[in-house]
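Student: To start, I am sharing the structure in question, which I have written as structure tokens.
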Amino acid sequence: MKILYIVPFVPWAVKVRSHNLIPRLARKHEISLVCVSTVAPSPKQMEALKASCERVIHVPHSRLRGIAQCAAALPTRTPLRIAYCRSSSAREAVRRALDETAPDVVYVERWRALQFVPEGIEAPVVCDPTDSMTLYNRRLKEAGAWWESLIAWEEYGKFLKYEGELARRADVTLFCSQLDMNCVKEQAPHERYELVPNGVDCEKFFFKSEGEEEPDVLVFTGSFKYRPNCHAVGFFLESVFPLIRKEVSGARFIAVGNGAHQKLASYREHAGFEAVDFVPDLRPYLAKASVAVAPLTVGAGVSNKLAEGFAVGTPVVATPLACGDLPARSGEHLLIGTDADELARHAVRLLQDERLRRRIALKARGLVETLYDWEIVSKKLESVLQGAVAAKASKHSEKAFATA
């Protein structure tokens, strides 16, 4: 297949979904990439993208212009997330790419990039918002900071009506969890939806050896440009970690990810805490830890950090929200806590019980190997794309037959 792949960012390591899917799809298919972002790809990023894509088109987008577009959209029904990305240059770049490449299918990651695709094109459009923005903003308005709650009220009300319209624009809409899919299905029940989960590279995140683990270390991984991760670390440091330190006085907590130094600066004085900014390989930090934590209180979808911890063999303590509809059972694949006390008890129990850590780690590794390796996930996406092409071709045939 010839795939026109459109994203509103530069695909690189912190954009886990596209970073893993593009090179795998490129093994058998021809990919033309259009990425729209405020920051241009670095030479290293461009080199990596060109290794997988027949062509790479970067469309610059002004941050100031995006903010002005958000301000103009406030009294309208358009969500700010959509308004920020409006770009006539991006629409023109996509239009040219459609003419020049004649793709078999157009794959769009995130709702906000769907506006770059002209309506009524020949090729089927598969949109992958990954998460429901209605669900995300519903949770944010309840658990975010006051200024986040204000924005979330605005966005929730708009996406509650707008997300269904976006789903109707696509031939197929993908989500990483059934919860997110069901939220949008309420708005547009008759459209075609598919589940394509997030994954993990089980070869890169290989199971750790006994000598890699250090005692009493807890780790959190994720991009801190994503606000729910900042909320999670704040909640953990203020409400959970002090309870753990009462039982395990030497416990250390490491938060690793893009933007950690800047976004977590206010927590530097917490005893036993360390923030580590972007690293090209998260595995050594996961392998060093006795426990990985995912205490998310805001967000949507299923967190990649669970799958990465599962793969490496570091048992996970998480909130129910972090798990989404992941078929993982508390006590078997991980430990789930609903509040600070329960999360702390689970973490202490794992820190103090090596046999329990090992048992849970082996079960969790088996789960991701079976269902969530990126090799499996990419084949699922490939099947969805091929199905969309076949369905569109069938519609054209039926239409031609009816008019003959």
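Student: From the list Leu80, Leu98, which residue is in contact (Cβ under 8 Å) with a residue 60 or more places away in the chain, under 23 Å from the mean Cα position of the chain (by Cα) and in the same structural domain as Ala390 (by TED's automatic domain parsing)?
Tutor: It is Leu80.
Student: Going residue by residue through the range 342-356, is there one that turns out to be under 25 Å from Asn137 (Cα atoms) and in contact with a strand residue (DSSP E or B) (Cβ under 8 Å, 6 or more places away or on another chain)?
Tutor: Let us first name the residues in the range 342-356 that are under 25 Å from Asn137 (Cα atoms), namely 343.
After this cut, where a residue has to be in contact with a strand residue (DSSP E or B) (Cβ under 8 Å, 6 or more places away or on another chain) as well, the list is 343.
The answer is yes; a qualifying residue exists.
Student: Scan the strands (runs of 3 or more DSSP E) fully inside the range 106-214 and keep the ones with 1 or more residues being on the phi > 0 side of the Ramachandran plot.
Tutor: Values: elements: 125-130, 172-175, 193-195.
Fully inside the range 106-214 and qualifying: 125-130.
Student: Could you please find all residues in the range 43-74 being out of contact with any Phe, Trp or Tyr (no Cβ under 8 Å at 6 or more places or on another chain) and outside any helix (DSSP H, G or I)?
Tutor: Looking only at the range 43-74, we keep the residues that are out of contact with any Phe, Trp or Tyr (no Cβ under 8 Å at 6 or more places or on another chain), and these are 43-44, 46-47, 49-52, 54-65, 68, 71-74.
Correct list: Glu54, Arg55, Val56, Ile57, His58, Val59, Pro60, His61, Ser62, Leu74.
Student: Every residue in the range 18-39 that is surrounded by fewer than 17 Cβ atoms within 10 Å (Cβ to Cβ) and over 21 Å from the mean Cα position of the chain (by Cα), please.
Tutor: Answer for the range 18-39, where residues must be surrounded by fewer than 17 Cβ atoms within 10 Å (Cβ to Cβ) and over 21 Å from the mean Cα position of the chain (by Cα): Arg27, Lys28, Glu30.
Student: Here is a list: Ala292, Ala318, Ala322. Which entry is crowded, with 23+ Cβ neighbours inside 10 Å, on the phi < 0 side of the Ramachandran plot and touching a Phe, Trp or Tyr at 6+ places or on another chain (Cβ under 9 Å)? Walk me through it before giving the result.
Tutor: Details: Ala318 fails: touching a Phe, Trp or Tyr at 6+ places or on another chain (Cβ under 9 Å); Ala322 fails: touching a Phe, Trp or Tyr at 6+ places or on another chain (Cβ under 9 Å).
On inspection, the qualifying residue turns out to be Ala292.
Student: Restricting to the range 295-314, and then to whatever is aliphatic (A, V, I, L, M) and touching a His at 6+ places or on another chain (Cβ under 8 Å), can you tell me which residue is surrounded by the fewest Cβ atoms within 10 Å (Cβ to Cβ)? So that I can check it myself, show each step before the final result.
Tutor: Step one: list which residues in the range 295-314 are aliphatic (A, V, I, L, M), which gives 296, 298, 300, 302, 306-307, 311-312.
Filter once more, so that each one left must be touching a His at 6+ places or on another chain (Cβ under 8 Å): 296, 298.
On the way: Leu296: 27, Val298: 24.
The selected residue is Val298.
Student: Exactly one of (1) among the hydrophobic types (A, V, I, L, M, F, W, C); (2) modelled with pLDDT of 95 or more; (3) assigned to a loop (DSSP other than H, G, I, E, B) is unmet by Leu296. Its number?
Tutor: (2)
Student: Could you figure out which of (1) more than 24 Å from Phe206 (Cα to Cα); (2) part of a loop (DSSP other than H, G, I, E, B) isn't true of His261?
Tutor: (2)
Student: Is there any pair linking a residue in the range 227-240 that is in a helix (DSSP H, G or I) to one that is of a type in the set (Phe, Trp, Tyr), with Cβ under 6 Å and at least six apart or on different chains, and which?
Tutor: Cys230/Phe224; Val233/Phe220; Leu237/Tyr267
Student: Ok, one more. Quick test of your reading of the structure: Tyr285 fulfils all but one of (1) of a type in the set (Ser, Thr, Tyr); (2) buried (at least 17 other Cβ atoms within 10 Å of the Cβ); (3) part of a loop (DSSP other than H, G, I, E, B). Name the failing condition by number.
Tutor: If we test Tyr285 against (1) of a type in the set (Ser, Thr, Tyr); (2) buried (at least 17 other Cβ atoms within 10 Å of the Cβ); (3) part of a loop (DSSP other than H, G, I, E, B), just (3) comes out false.
Student: Shifting gears a bit: Output the residue which, of all residues in the range 3-42 that are of a type in the set (Lys, Arg) and either assigned by TED's automatic domain parsing to the domain that holds Asp277 or in a loop (DSSP other than H, G, I, E, B) (or both), is nearest to Ser87 (Cα to Cα). Explain how you work it out, then say what you get.
Tutor: First pass over the range 3-42, keeping only residues of a type in the set (Lys, Arg): 15, 17, 24, 27-28.
Within this subset, residues satisfying the condition of being either assigned by TED's automatic domain parsing to the domain that holds Asp277 or in a loop (DSSP other than H, G, I, E, B) (or both) are 15, 27-28.
Working: Lys15: 21, Arg27: 31, Lys28: 31 Å.
Top of the filtered list is Lys15.
Student: So which of Ala347, Ala311, Ala402, Ala328 is in a helix (DSSP H, G or I) and modelled with pLDDT under 95?
Tutor: Numbers: Ala347 fails: modelled with pLDDT under 95; Ala311 fails: modelled with pLDDT under 95; Ala328 fails: in a helix (DSSP H, G or I).
Matching residue, one of Ala347, Ala311, Ala402, Ala328: Ala402.
Student: Okay, next question. Considering Pro315, Pro295, Pro320, which residue is assigned by TED's automatic domain parsing to the domain that holds Val217 and over 21 Å from Ile254 (Cβ atoms)?
Tutor: Working: Pro315 fails: over 21 Å from Ile254 (Cβ atoms); Pro295 fails: over 21 Å from Ile254 (Cβ atoms).
Pro320 is the lone residue from the list that is assigned by TED's automatic domain parsing to the domain that holds Val217 and over 21 Å from Ile254 (Cβ atoms).
Student: Which count do you get for residues in the range 146-182 that are in contact with a helix residue (DSSP H, G or I) (Cβ under 8 Å, 6 or more places away or on another chain) and free of Cβ contacts under 8 Å to residues at least 60 places away in the same chain?
Tutor: Selection size over the range 146-182: 11.
Student: With the requirement that a residue be crowded, with 21+ Cβ neighbours inside 10 Å and touching a strand residue (DSSP E or B) at 6+ places or on another chain (Cβ under 7 Å), what does the range 203-228 give you?
Tutor: Val217, Leu218, Val219, Phe220, Thr221
Student: Restricting the first residue to the range 105-119 and requiring it to be under 17 Å from Lys158 (Cβ atoms), which pairs with a second residue that is part of a strand (DSSP E or B) and of a type in the set (Asp, Glu) meet a Cβ separation below 8 Å and a spacing of at least six or different chains?
Tutor: Here the result reads Arg110/Asp128, each pair linking the range 105-119 to a residue that is part of a strand (DSSP E or B) and of a type in the set (Asp, Glu).
The values are calculated or read from the model by the stated rules, or taken from the named source; none is laboratory data. Quantities reported herein were computed from a predicted structural model and do not represent experimental measurements. Please note: Cβ atoms are built from the backbone with ideal geometry, for glycine as well, and neighbour counts cover all protein chains shown.
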